[in-house]
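Colleague: Input: one structure, supplied below.
The values are calculated or read from the model by the stated rules, or taken from the named source; none is laboratory data. None of these values were measured; they are calculated from a predicted model. All Cβ positions, glycine included, derive from the backbone under ideal geometry; neighbour counts span all protein chains shown. Side chains included, ligands, DNA and RNA excluded: accessible areas come from the protein's heavy atoms. Shrake-Rupley method; radii C 1.70, N 1.55, O 1.52, S 1.80 Å.
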Amino acid sequence: MKNTLFTRQTLTVAIALLSVAVGGSSFIPGSAKPADDLQGTISISGAFALYPITVKWADEFKKLHPNVKFNISAGGAGKGITDALSGLVDIGLASRDIDPAEVKKGAYTIYVTKDAVLPTFNTGNPNAAALLAKGVKRDQFLNVFVTGNVKNWSQLAGKVSVPIHVYNRSDAAGAGETWAKYFGKKQEDLLGVGVYGDPGLAQAVKKDVTAIGYNNIAYLYDLKTRKQVDGVHALPIDVNGNGKIDADENFYDTVDHLTDAIAAGKYPSPPARNLGFLFKGKPKKKELVEFVKFVLTQGQKDVDANGYIALSKAKIQEELKKVE
């Protein structure tokens, strides 16, 4: 009995001493590592473009740091930037360039990945085959979305005369701003019926055979099959303007072919663009700094599978310096 008591007391003291030796963290022999002491709540809102991958990053980060909580919502880049600059959230998801006025208010952006805005159309369009073969030139898109001079699908490709129904984002959206920037314009210059959010715009085009719109990659591809979703597809851009989609312009069949093309610079920029986390001033809270570091290191392995483009090694190092 005495030996048993001595053994228990000795073990208790040994564990206590070992806890002190590892800096006060609870540590039990045989465990892989000390218990994680990172904690806090990270609130995030903003761009639909960044929302899916940010949720994935948060889930993976919580596996390493279970005491960190996340509140994440989508609502458009404009909302996220406003929320961050007003202190309502820690991170605004930004999918457009930051205005000088926002920089004056303290906007501090760390870029975390890259994607693109794609023009879209309904696959039931009677001129679909011709559109896929010929593509649409930049000036033609401009005359659909900005001037309104092109009003019929037969003016773009095919012989069937059907009106073009233009759909646009109703919310202050990075996708809308980026698509407009392709023409040297602002989102408010774009024509069309306003629809809220990326999912809403994709659904509107899917329901209207004569529709044209635009979406971020994540809302046009099934990440399991890697192929485009039923009903609404990317409308190919005739980048070189020769009146047909050449082999090196034909990369929309799978999300992997598309992201490879964007990474190689085959798709114009804009509408390809960097996506970033926006803070009000340089982030200082430990949980924010560690989350950014995670996203720019371990988190990059999740980028390709989720339909985004990983940053270059040089760009990653550049962005990591922003949290040093």
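Colleague: May I ask you to list the residues in segment 54-106 that are out of contact with any helix residue (DSSP H, G or I) (no Cβ under 9 Å at 6 or more places or on another chain), basic (Lys, Arg) and more than 16 Å from LEU278 (Cα to Cα)?
Modeller: Those that are out of contact with any helix residue (DSSP H, G or I) (no Cβ under 9 Å at 6 or more places or on another chain), basic (Lys, Arg) and more than 16 Å from LEU278 (Cα to Cα): LYS62, LYS63.
Colleague: Looking only at residues that are in a loop (DSSP other than H, G, I, E, B) and surrounded by 18 or more Cβ atoms within 10 Å (Cβ to Cβ) in segment 250-269, which one is farthest from the chain's Cα centre (by Cα)?
Modeller: PHE251
Colleague: Just one of TYR219, TYR196 is farther than 26 Å from ASN149 by Cβ, open to solvent by 30 Å² or more (accessible area, probe 1.4 Å) and in contact with a Phe, Trp or Tyr (Cβ under 8 Å, 6 or more places away or on another chain); which is it?
Modeller: When all the criteria are applied, what remains is TYR219.
Colleague: Scan segment 87-115 for residues that are β-branched (Val, Ile, Thr) and not in a strand (DSSP E or B) and report the count.
Modeller: Result for segment 87-115: 3.
Colleague: Now for a different question. Exactly one of these conditions fails for LYS114: (1) open to solvent by less than 10 Å² (accessible area, probe 1.4 Å); (2) touching a Phe, Trp or Tyr at 6+ places or on another chain (Cβ under 7 Å). Give me its number.
Modeller: Status for LYS114: all satisfied but (1).
Colleague: Need pairs with beta-carbon distance below 9 Å; first residue at positive phi and open to solvent by less than 20 Å² (accessible area, probe 1.4 Å) and within segment 296-315, second of a type in the set (D, E, K, R) and in a loop (DSSP other than H, G, I, E, B); sequence gap 6+ or separate chains.
Modeller: Partner pairs satisfying both residue conditions: GLY307/ARG226.
Colleague: Given (1) more than 17 Å from SER95 (Cα to Cα); (2) touching a residue at least 60 places away in the same chain (Cβ under 8 Å), where does TRP153 come up short, assuming only one miss?
Modeller: The one condition TRP153 does not meet is (2).
Colleague: Please go through segment 132-171 and give me each residue that is open to solvent by less than 20 Å² (accessible area, probe 1.4 Å), of a type in the set (Gly, Ala, Ser) and in contact with a Lys or Arg (Cβ under 8 Å, 6 or more places away or on another chain), ordered by number.
Modeller: GLY135, ALA157
Colleague: Consider VAL239 carefully, then state whether it is in contact with a helix residue (DSSP H, G or I) (Cβ under 8 Å, 6 or more places away or on another chain) and open to solvent by 60 Å² or more (accessible area, probe 1.4 Å).
Modeller: Judged against the criteria, VAL239 is a match.
Colleague: Among (1) surrounded by fewer than 21 Cβ atoms within 10 Å (Cβ to Cβ); (2) within 16 Å of LEU118 (Cα to Cα), where does ASP246 come up short?
Modeller: ASP246 satisfies all of (1) surrounded by fewer than 21 Cβ atoms within 10 Å (Cβ to Cβ); (2) within 16 Å of LEU118 (Cα to Cα) except (2).
Colleague: Which strands (runs of 3 or more DSSP E) does segment 144-227 wholly contain that include 2 or more residues that are of a type outside the set (Val, Ile, Thr) and within 20 Å of the chain's Cα centre (by Cα)?
Modeller: By residue number, 165-169, 211-216.
Colleague: Can you spot a residue in segment 124-131 that is open to solvent by 10 Å² or more (accessible area, probe 1.4 Å), farther than 26 Å from VAL295 by Cα, outside any strand (DSSP E or B) and not small (Gly, Ala, Ser)?
Modeller: Yes.
Colleague: So, of the residues in segment 285-324 that are assigned to a loop (DSSP other than H, G, I, E, B) and closer than 27 Å to ALA261 by Cα, which turns out to be nearest to the chain's Cα centre (by Cα)?
Modeller: Residue satisfying both the conditions and the ranking: TYR308.
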